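Participant: I'd like to ask you about the structure that follows.
The values are calculated or read from the model by the stated rules, or taken from the named source; none is laboratory data. From a predicted model like this one, the values you see are computed outputs, not experimental measurements. Cβ coordinates were reconstructed from backbone atoms using ideal geometry, including for glycine residues, and neighbour counts include every protein chain displayed.
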Amino acid sequence: MEDKTIEELFKAQTPNFTDGADFMARLTKRLDAVEYIRQYQEATLRRYKIAMVVAFVVGIISGAFTIAFLLSTPADVPLLTFNVQKGYLLWIAQNSRVIVTTALSLLMTIGTISIFSNVQDIMRMRGSMRTLQ
Amino acid sequence: MDREEFIIHAEREQEALRGFLLALCCGNKCDADDLAQDSLVKAYLSCAGYQDVGRFRSWLFKIAHNTFLNHKASCRTMESIDDAKTLVSTNAADAGFQHQSLYLALRTLPPKERSAITLFYLSGYNIKEIAQITQTSEDAVKKQLSRGRDKLRVSLSI
């Protein structure tokens, strides 16, 4: 199996490195840079997660308050009233409950999409960090 | 494995790693050192998952082998092998090799055969270990070694 000639050729040509210290100094610098990037990425991810949790809690509380407010007001009383009796303002005042509910639904939809996208971002960041590792 | 421990291991293994990559890069010391640095950084980043206690060199060579294959895949060389004969090396490490003919002969081998031959003859690994490092079967390694040897014999006229 072994071919002695080739083996001897390889043995005779084993390189001798004299710049080991330079190589290690370069490596240490690179490891420092990598460590800095890793810590920065971890800090960013942590901040991102905290921001997500805060946004989620604020969204839940404000949503609950708005729904509670809508439910607590009488159904036949408009939510908004304007002193000026113009055509479109009157229409807004009359349909204020529907308008507020629609706006709230829209906001919740956008919020849900945004949260979903942020979660995907976090997963991607975590994935890229794992790949880096 | 913490940072200090990794650096101690890296310092101990850097010569073997650089020698292995220098042979894979056919004497191109700059490329070999860059790949060695990349391999060590990759190893550092994944050293938390390192479990093969006492087999650091094999683990490092596995990373280096993959890094070399990725490097080869990313840069397709268009230069002719014949041109290499006219190149005169100024590197001290290259000068250490009295016969550049081995590098030229290694250059004729495909990357996987070159890895198998280098691991077998330069680093002294057996077929089973080479199969683990290169993540192939033992039969594939045997074939690579056989083909590589034949090609080297032709190139070196031995």
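Participant: Right, A:Thr5: among the hydroxyl-bearing types (Ser, Thr, Tyr) and at pLDDT 80 or above or not?
Facilitator: Judged against the criteria, A:Thr5 is a match.
Participant: Okay, next question. Any chance you could count how many residues in region B:120-147 are surrounded by 19 or more Cβ atoms within 10 Å (Cβ to Cβ), modelled with pLDDT of 90 or more and under 16 Å from A:Thr5 (Cα atoms)?
Facilitator: Of the residues in that region, 2 qualify.
Participant: Restricting to region B:33-48, name every residue that is at pLDDT 90 or above, out of contact with any His (no Cβ under 7 Å at 6 or more places or on another chain) and more than 7 Å from chain A (Cβ to nearest Cβ).
Facilitator: Hits for region B:33-48 are B:Asp34, B:Ala36, B:Asp38, B:Ser39, B:Lys42, B:Ala43.
Participant: Here's a check for you: in region A:1-43, which residue that is at the interface with chain B (Cβ under 7 Å from one of its Cβ atoms) and among the acidic types (Asp, Glu) is farthest from the chain's Cα centre (by Cα)?
Facilitator: So the residue we want is A:Asp3.
Participant: On to the next question. Starting from residues that are outside any helix (DSSP H, G or I) and touching a residue at least 12 places away in the same chain (Cβ under 8 Å), keep the ones in region B:111-158 and report whichever is nearest to B:Ser101 (Cα to Cα).
Facilitator: At the first step, the residues of region B:111-158 found to be outside any helix (DSSP H, G or I) are B:123-126, B:135-137, B:157-158.
Cutting the leftovers down to touching a residue at least 12 places away in the same chain (Cβ under 8 Å) gives us B:123, B:125, B:135-136.
Working: B:Ser123: 19, B:Tyr125: 23, B:Gln135: 29, B:Thr136: 28 Å.
Checking each candidate, the answer is B:Ser123.
Participant: Which condition does B:Val53 not pass, out of (1) of a type in the set (A, V, I, L, M, F, W, C); (2) farther than 22 Å from A:Glu7 by Cβ; (3) at pLDDT 90 or above, if it passes all the others?
Facilitator: The failed condition is (3).
Participant: Something else: Return the pairs, sorted by first residue and then second, in which the second residue is among the polar types (S, T, N, Q) and in a helix (DSSP H, G or I), the first residue lies in region A:29-49 and is closer than 21 Å to B:Ala10 by Cα, the beta carbons are less than 7 Å apart, and the residues are 6+ apart or on different chains.
Facilitator: Short answer, once both residue conditions are applied: A:Arg30/B:Gln37.
Participant: Same structure again: Within region B:14-29, how many residues are away from chain A (no Cβ under 11 Å) and either outside any helix (DSSP H, G or I) or free of Cβ contacts under 8 Å to residues at least 60 places away in the same chain (or both)?
Facilitator: Filtering region B:14-29 for residues away from chain A (no Cβ under 11 Å) gives B:24-26, B:28.
Keeping just the survivors that are either outside any helix (DSSP H, G or I) or free of Cβ contacts under 8 Å to residues at least 60 places away in the same chain (or both) gives B:25-26, B:28.
Of the residues in region B:14-29, 3 are away from chain A (no Cβ under 11 Å) and either outside any helix (DSSP H, G or I) or free of Cβ contacts under 8 Å to residues at least 60 places away in the same chain (or both).
Participant: Output the residue which, of all residues in region A:8-34 that are modelled with pLDDT of 85 or more and basic (Lys, Arg), is farthest from B:Ser155 (Cα to Cα).
Facilitator: Restricting to residues being modelled with pLDDT of 85 or more and basic (Lys, Arg), the top hit is A:Lys29.
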